[in-house]
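Encoded as structure tokens, the structure appears first; notes follow it.
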């Protein structure tokens with residue numbers, strides 16, 4: 001993207017300054033410091049997880065991962081995150097559509113509501129959901145210590161992702177193409193499916209990837225809500241935490257490696273999607 | 001933009017109303033109603049619960065610790081975030097694409113994995129660097145530095161994700177002009193780059209602050225959760241709820257929710273001004 005910022009020859013300046021593109025000694029030093037901090041904070045700790053898992057041999061790590069209780073936790077986490085992501089793809093696109101294309105009083109309030117799950121502490125999110133959908137529910141719906149609690153918590157914490165990735169792309173779309181389609185007799189639904197949907201698909205996919213990753217890694221909102229019952233409502237992160245609390249760091253590292261693998265895959269997918277969106281835009 | 005909008009405004013058909021109803025209903029049921037119940041539960045019987053909470057020295061200690069840890073993490077992430085954003089947008093270097101992708105990693109790593117990862121490197125017992133650091137008098141895990149690291153990890157991409165798009169958009173002309181007129185790198189940063197990204201930095205900082213104050217999973221592992229020493233506000237919520245002190249749990253949760261809702265409201269109120277600038 002840097003290439004488009006200052007293309008050679010198009011610059012109004014005679015002299016191409018040495019600082020553009022190539023690193024100067026000062027910026028090189030800055031990059032060095034930044035990389036050192038990033039390594040100490042992120043890269044080194046994450047490598048430690050993978051290496052710790054490998055320490056006892058992959059056989060042992062595999063045995064930890066394929067333990068019945070762990071497998072049940074991974075299956076629940078992945079399936080719930082997939083289901084929630086599917087809901088988000090539909091609801092998130094719908095919400096983004098209404099926010100961009102519709103005008104009605106109170107829209108600003110909805111905008112704020114969408115971002116709240118992103119900023120609300122996860123443990124508070126659990127308590128928030130518990131107050132409407134817990135044992136003292138004023139509407140008689142009690143999902144506490146139940147598998148639907150996991151789905152509900154994932155729905156809450158992943159709400160902003162699809163909305164916030166689709167919204168800007170939708171706002172940038174040129175309405176003339178849609179108007180042309182409509183004038184040629186296409187119904188609103190056909191116009192949406194044939195004209196709008198193809199342009200926002202990469203954004204939807206990016207939002208879905210983020211929402212899946214967030215769901216899979218969720219922990220805090222489930223602590224009070226799901227009860228962490230083995231084989232029933234225990235998610236992968238909770239399983240890792242109980243291994244840590246039992247001082248079984250190698251076991252925890254083995255399960256954490258599975259989650260890291262998922263995170264890396266999502267990051268890779270996002271990178272590819274972002275490149276695709278940039279090329280289109 | 002404005003004319004696009006008006007061009008697109010149509011009569012409110014039944015479909016429009018249906019879509020509105022679905023969206024409003026979904027958001028009310030998922031966010032607004034539950035959130036309002038927490039406020040009601042916390043303020044059940046006036047501000048008594050909140051007041052009682054603020055008289056408990058352990059809770060006050062937890063709140064103060066939460067703020068200290070969050071401020072450190074936000075400061076580190078702001079300096080790092082602004083610096084790395086400028087490097088990513090303005091310079092070319094090998095491995096840039098990989099770095100740019102890796103910077104998003106903290107968004108998708110489980111907080112529990114973050115906590116574990118930090119213990120494995122900085123833990124005093126068997127960590128890679130922990131024993132050496134502790135021999136030199138710096139305890140990281142089960143102390144404030146570890147909590148700052150965990151929090152900084154979790155909130156790392158927020159400033160970067162706000163600043164990078166703005167830097168890309170403003171381009172380089174003004175900086176190049178300033179440079180040709182003899183401005184030093186620092187003058188260019190302070191007079192040109194910083195003013196153009198200042199709102200993006202503000203959003204990033206506010207979002208990071210909200211995220212940092214509310215970190216739970218990673219801090220739970222790294223802090224050791226010792227009452228009156230390393231217990232933070234979010235850990236107080238869990239502990240109080242599990243010990244059947246629901247009033248205390250709701251009151252603490254209310255305080256935390258108040259701060260994060262305030263942060264989000266500030267960002268979303270300020271942001272449109274930036275767009276019409």
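Read-outs throughout are calculated quantities, based only on the coordinates presented, and are distinct from any laboratory measurement. These numbers were taken from a predicted model, which means no experiment stands behind them. Note that we place each Cβ from the backbone using ideal geometry, even for glycine, and neighbour counts take in every protein chain shown.
Tabulated results
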quantity	calculated
Shielding by partners - mean other protein chain Cβ count within 10 Å, residues of B:215-225	4
Exposure proxy ranking, count of Cβ atoms within 10 Å, fewest first, for B:198, A:239, A:232	B:198, A:232, A:239
Region A:157-260 - Debye-derived log10 I(q)/I(0), Cα point model, q = 0.22 Å⁻¹	-1.10
Relative contact order for chain A, counting Cα pairs under 8 Å that sit 6 or more residues apart, in percent	27
Cα-based convex hull, region B:172-254, per residue volume (Å³, whole number)	130
Sites residue A:176 and residue A:104, calculated FRET efficiency, Cβ-Cβ separation with R0 25 Å, nearest 0.05	0.55
Surface/4 of the Cα convex hull for the protein assembly as shown, nm²	28.2
Sites residue B:173 and residue A:112, calculated FRET efficiency, Cβ-Cβ separation with R0 35 Å, nearest 0.05	0.45
Inter-probe distance in nm under a simple model that places probes 7 Å from Cα toward Cβ, at residue B:129 and residue B:68	2.2
Between region A:23-96 and region B:219-236, the Cα center-to-center distance that results, in Å	24
A:95, A:139 arranged by Cβ crowding within 10 Å, fewest neighbours leading	A:139, A:95
Mean-position separation - Cα centroids, region A:208-281 and region B:171-202, in angstrom	40
Compactness relative to 2.2 N^0.38 Å, alpha carbon Rg of region A:54-104	2.00
For region B:188-232, radius of gyration divided by Kirkwood radius, i.e. Rg to Rh on alpha-carbons	1.29
Neighbour-count ranking [beta-carbon atoms within 10 angstrom, fewest first] of B:78, B:132	B:132, B:78
Region A:58-280: proportion of alpha-carbon pairs further apart than 33 angstrom, %	27
Two-decimal Rg to Rh for chain B - Kirkwood Rh, Cα set	1.04
Efficiency of FRET from Cβ geometry, residue A:58 and residue A:247, R₀ 22 Å, rounded to 0.05	0.50
Chain B: most fluctuating residue of B:232, B:265, B:13 per GNM, C-alpha cutoff 10 Å	B:13
Max mean-square fluctuation residue, GNM over chain A, Cα-Cα springs under 10 Å, options A:67, A:146, A:228	A:67
Region B:41-141 shape via C-alpha gyration tensor axes, a/c threshold 1.5	oblate
Top of A:87, A:42, A:166 by mean-square fluctuation, Gaussian network on chain A, Cα under 10 Å	A:42
Global geometry of region B:131-228, whether rounded, prolate or oblate, following the gyration tensor of its Cα atoms and the 1.5 cut on a/c	prolate
Distance in nm between pseudo-label sites at residue A:197 and residue B:194 (7 Å out along the Cβ direction from Cα)	5.0
Number of partner chain Cβ atoms within 10 Å, mean per residue of A:235-244	4
